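Each reported figure results from applying straightforward, stated rules to the coordinates on display, with no laboratory input. In this text, all values refer to a predicted model and were calculated from it rather than measured experimentally. Neighbour counts run over all protein chains shown; Cβ positions are idealised from the backbone, glycine included.
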Amino acid sequence: MKLSRGLMTLGIVGVLVLAMLGWFVGGYNGLVTQRNKVDKAAAQLQSAYQRRFDLVPNLVESVKGAQAQEQKVFGDIAAARTKYGNATSTEDKLAASQQYESALSRLLVVVENYPDLASNQTVQNLMIQLEGTENRIKVERDNYSSVATDYNTMIQRFPRNILANLFGFDEKKLYTADTGADVAPKVQLTQPTPATPTTTETAPAN
């Protein structure tokens, strides 16, 4: 009888150990899977950023004929791109991309302010490509924020937060737009149509 009870106790302990081991392995693998989803989304976002970086220098070269007072924006774009290139983490790249977008927005204003630039076929083609790229960036940024939020929620909830703390699953920073930069840079392809002057006819004198 004592032997049977001992075996039963041992069996219960064994089941509990296996259950704990299963939870441990499953929880850890779940965290790894979700973290990899975040890393994949970050890579896709950075790929969209790279396409923007490939397009903008061509646009800059096409716009450099603008008046001298507009030249500062070209240096700002170059500096922002360097900052992005030197960023080593996804969080730093997200922050650097905001600075780049600010400079890019000012470049687009330059294009809008000079009708000769806006009507240039090369500039128009680049602007169309840039518009598609900005839309893609928004899609990838939203996707990154979604999977990063799911991951952050997972590592904060009990009991997985124990595993997260134990194995160093750190929280992922979400993209947060600067004030006034919560939308993609506006790509304006058309110029305002000049108002038609109103003429007043004077009746001929008798």
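Numerical summary
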{"item": "Measure of compaction for the range 29-112 (Cα Rg per 2.2 N^0.38 Å)", "result": "1.33"}
{"item": "Selection from Ala118, Gln34, Gln99, by position along the positive dipole direction of the range 2-167 (Cβ)", "result": "Gln34"}
{"item": "Whole-angstrom Cα spans of the range 2-167 along principal axes, big to small", "result": "97, 24, 19"}
